[in-house]
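Shown next, in structure tokens, is the structure this report addresses.
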Amino acid sequence: ITFKINGKTETVVNPDPAMSLNEYLRTVKLLKGTKRSCGEGGCGCCVVSITSPGDSVPKPVNSCLHPLCAMDGAEVTTVEGIGSSRTTLHPVQKSLAEHWGSQCGGCSTGMVMSMYTLLQSEPAATAQEMEMALDGNICRCTGYRPILDAFKAAAK
């Protein structure tokens, strides 16, 4: 299969049909920003942005549930692909930090990728669209008010 990770072409010959995209990103590509927690798609910490072949709009996807074999022709963007403290933070990442939307950091990358993906297709997203975009992302520390405040500020 051939697909792109953060703009770089990746070819995997004879991929393990049981391997998830999350496992591939973390163990093979060493992209540790995409977290793994529940392994069941219930927490949202593993969200990445995927543009499927023939689509122009990316979608947020729980990478722990997405088979690596299903990636042929797709483009995946991880949190490392949008920015980092070593390079430049993406406006969504910067807004989350400025609005105190992160404490332990366990949920942060999934929240960032859910926000980022929505704003790619809906730069002027409504408050309701923002709330819906975070459905499935669990935060056990901060609560959701500072996260939503950050989301709203990033959309301006």
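The values are calculated or read from the model by the stated rules, or taken from the named source; none is laboratory data. Please read these numbers as outputs of a predicted model, since none were measured by experiment. Every residue, glycine as well, gets a Cβ built from its backbone with ideal geometry; the counts of neighbours run over all protein chains shown.
Residue check, Glu129 against (1) of a type outside the set (A, V, I, L, M); (2) at pLDDT 90 or above; (3) touching a Leu at 6+ places or on another chain (Cβ under 7 Å); (4) within 21 Å of Asn22 (Cα to Cα), all met but one. Which one?
It fails just one condition, (4).
Take the conditions among the basic types (Lys, Arg), surrounded by 15 or more Cβ atoms within 10 Å (Cβ to Cβ) and part of a loop (DSSP other than H, G, I, E, B) and apply them to Lys4. Does it pass?
For Lys4, the condition - among the basic types (Lys, Arg), surrounded by 15 or more Cβ atoms within 10 Å (Cβ to Cβ) and part of a loop (DSSP other than H, G, I, E, B) - is not met.
Return the pair list, or none, for Cβ contacts closer than 7 Å from residues in region 26-46 that are in the same structural domain as Ser63 (by TED's automatic domain parsing) and free of Cβ contacts under 8 Å to residues at least 24 places away in the same chain to residues that are of a type in the set (Val, Ile, Thr) and in a loop (DSSP other than H, G, I, E, B), at least 6 apart or on different chains.
Going by the 7 Å Cβ cut-off, the qualifying pairs are Arg26/Thr34.
Among the residues of region 63-71, is there at least one that is touching a residue at least 24 places away in the same chain (Cβ under 8 Å), within 11 Å of the chain's Cα centre (by Cα) and under 17 Å from Thr34 (Cα atoms)?
Yes: region 63-71 contains one or more residues that are touching a residue at least 24 places away in the same chain (Cβ under 8 Å), within 11 Å of the chain's Cα centre (by Cα) and under 17 Å from Thr34 (Cα atoms).
Applying the selection to region 102-127, what residues are closer than 16 Å to Gly33 by Cβ and either in contact with a helix residue (DSSP H, G or I) (Cβ under 8 Å, 6 or more places away or on another chain) or not small (Gly, Ala, Ser) (or both)?
Ser102, Cys104, Cys107, Ser108, Thr109, Met111, Val112, Met113, Ser114, Met115, Tyr116, Thr117
Among the numbered conditions (1) in contact (Cβ under 8 Å) with a residue 40 or more places away in the chain; (2) hydroxyl-bearing (Ser, Thr, Tyr); (3) surrounded by 14 or more Cβ atoms within 10 Å (Cβ to Cβ), tell me where Ser52 comes up short.
Only one criterion is unmet by Ser52, namely (1).
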